Amino acid sequence: MTQTTSGTADRPGPVARFLEEPPRWLAAFTRTATFVEMALGAVFVLLIFVLVLLQAGQRYLPIDGWAWTGELARFSLVWLTFVVAGVLVTRDAHVSIEMVDAIPNPTIVRIARSVSAAIVAAVGVGLTAACWDLVQTQGIITSPALRMPMSWFYAISLIGFVSTTIRAAVASVRFAVLGVPERTVEDAFADATRVATE
């Protein structure tokens with residue numbers, strides 16, 4: 001029978017320490033990647049707003065409409081959806097069913113959240129592989145109005161797929177090792193406010 005000295009049983013393992021306090025360079029890289037993804041998301045929201053406003057204005061002007069405005073607005077909506085998906089997974093702000101979180105057994109909640117994050121990561125791997133294939137093969141095809149190579153369209157979406165895959169895999173390990181953090185309405189509001197001010 002092995003005995004542990006007092007305090008050693010409470011010490012977290014190396015994986016738990018790494019997840020709780022990642023190295024500075026990794027934390028800085030994660031912050032930078034999050035900032036870039038959120039900035040791209042903000043640009044796409046602004047682009048959608050301006051282009052839709054331009055489309056509405058064209059209806060009342062005695063000029064021919066620009067077909068590329070609608071196409072670029074649609075592309076921006078797709079890019080917005082995928083580029084910020086990884087950030088939403090990291091901040092636990094994505095659409096989810098929180099019935100599992102109400103289960104009183106923390107072990108079941110931990111397993112369910114870890115498995116669901118692993119499934120998101122697996123789907124992310126599939127989407128990344130498919131998107132990479134499209135980036136490689138669709139360069140010859142251009143969009144109807146912009147004449148933009150479709151490989152560009154998929155390349156921007158690829159950023160979000162890679163981010164979602166990595167962040168979901170880390171979340172799965174984090175839930176398995178550290179457990180599921182308690183979240184209150186106040187926490188969610190504070191996270192949303194912090195995102196808005198960053």
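The values are calculated or read from the model by the stated rules, or taken from the named source; none is laboratory data. Please read these numbers as outputs of a predicted model, since none were measured by experiment. Don't worry about glycine lacking a Cβ; one is built from the backbone with ideal geometry, like all the others, and counts go over all protein chains shown.
When region 89-130 is limited to residues that are closer than 16 Å to Val162 by Cα and of a type in the set (Ser, Thr, Tyr), the one that is surrounded by the fewest Cβ atoms within 10 Å (Cβ to Cβ) turns out to be Thr128. Given the conditions (1) charged (D, E, K, R); (2) surrounded by fewer than 13 Cβ atoms within 10 Å (Cβ to Cβ); (3) at pLDDT below 90, report the number of the one that Asp133 does not fulfil. The number of the failed condition is (3). Scanning region 1-39 for residues that are at pLDDT below 85, surrounded by 11 or more Cβ atoms within 10 Å (Cβ to Cβ) and part of a loop (DSSP other than H, G, I, E, B) returns a single hit, Pro12. All of (1) over 13 Å from the mean Cα position of the chain (by Cα); (2) charged (D, E, K, R); (3) farther than 22 Å from Phe49 by Cβ hold for Arg91 with one exception: (1).
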